[in-house]
Amino acid sequence: MARSATSGLVLVTACVCIASAAMTAVGARAADLMVRYDQSQLIRLPRPATEVIIGNPSIADVAIQGGNLLVVTGKSFEVTNIIALDVQRNVIQDQRVLVDHDDGRTLSLYRGTKRESYTCTPQCSPTITIGDGLEYFDAIAKSAQTKTNGATNSVDRGQQSSTQ
């Protein structure tokens, strides 16, 4: 009985070793990249990329910084992939990107079937998230744009007075 248990353990160990070697031989893929909605993650590549292909650009955006650094920004909740190519068009990295939202800091308020999103860090402030009610989404987007325009105009006025 003990001998058959030992034989079984050796067989299982051998199978695991063979499977591990087979995965290494075909080049096991890197772990999925988790990116939060409206946030960015960095990927350092082993060599510079000259081209990056995004499976679905409405889910994530990628910018090359300095050749071997990619900035991946989550734009919509879903899964896509990115492929980085070198100058000879060899694949440097092929990785799935999962865009998720930060449940720990996000509050969803439902008014009937309409959702409103708030970011709580620590006080809760309105934010817009894909899937929010249209009226709420539009009102918060307009408010955010007004704030951005005000800040841009303030900076522009400051730059003009410093050049005079």
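Couple of notes before you dig in:
- Ranked by the mean number of other Cβ atoms within 10 Å of their residues, highest first, the peptides 45-54, 139-148 fall in the order 45-54, 139-148.
- As an equivalent ellipsoid, region 106-151 spans semi-axes of 19, 14, 6 angstrom, where each value is the square root of five times an eigenvalue of the C-alpha gyration tensor, largest first.
- The dipole here belongs to region 106-151: it is taken about the Cα centre, uses +1 on the Cβ of Lys and Arg and -1 on the Cβ of Asp and Glu, and is about 40 debye.
- Gyration tensor verdict on region 28-100 (Cα atoms; rounded if a/c is under 1.5, prolate if a/b is larger than b/c, oblate otherwise): prolate
- Amide hydrogen proximity for ARG115: with H placed 1.01 Å from N in the peptide plane, the residues at 5 or more positions away or on another chain lying under 5 Å are GLY133.
- Most to least packed among 120-132, 75-87, 58-70 [average Cβ atoms within 10 Å]: 75-87, 58-70, 120-132
- Close amide H partners of HIS101, meaning residues 5 or more places away or on another chain with modelled amide H under 5 Å apart, are TYR37.
All of the numbers you see were taken from the coordinates with simple rules; none came from a lab. The shown structure was predicted, so the numbers you read here are calculated from the model rather than taken from an experiment. Positions of Cβ are backbone-derived with ideal geometry, glycine not excepted, and every protein chain shown enters the neighbour counts.
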